[in-house]
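Bear in mind that the values in this text are calculations on the coordinates, not laboratory data. Quick caveat: nothing in here was measured; it's all calculated off a predicted structure. For neighbour counting, all protein chains shown are included, and Cβ atoms are generated from backbone atoms with ideal geometry for every residue, glycine included.
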């Protein structure tokens, strides 16, 4: 299952960068969307997203909003929230980015 267009538009309206859904054999996990407010920057010959990255995806009939930056993790700012609907997971993603007010848009 994929995020409906109106939910993707809601993320983009907030100035967020959305990549995905990742496909079989592609980078990342199948069906996941990457959400970030940062910009793509070149670091050591590799393009990376600047700033925090969240994932939103459906698995086993539930929707998840995930932030996992610490390795092996989870770290103190990482989370994995399980939701009944895509709307609820999207609201969690927006809540996270709205709390990052000092982050450049």
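What list do you get for 22, 63 if you sort them by fewest beta carbons within 10 Å? Please report the intermediate quantities before stating the final value.
Values: 22 17, 63 21.
Ranking 22, 63 by Cβ neighbours within 10 Å, fewest first, gives 22, 63.
Taking square-rooted eigenvalues a ≥ b ≥ c of the alpha carbon gyration tensor, is region 43-105 rounded, prolate or oblate, where a/c under 1.5 means rounded and, failing that, a/b exceeding b/c means prolate?
prolate
Based only on other Cβ atoms within 10 Å, what is the fewest-to-most ordering of 59, 42?
Fewest to most other Cβ atoms nearby, the residues stand as 42, 59.
Would the chain count as rounded, prolate or oblate if I go by the C-alpha gyration tensor, calling it rounded below 1.5 in a/c and otherwise prolate when a/b exceeds b/c, oblate otherwise?
Details: a/c = 1.31, a/b = 1.21, b/c = 1.08.
Note, shape of the chain comes out rounded.
If neighbour count is taken as other Cβ atoms inside 10 Å, put 18, 56, 46 in order from fewest to most.
Values: 18 17, 56 26, 46 7.
Exposure proxy ranking, most exposed first: 46, 18, 56.
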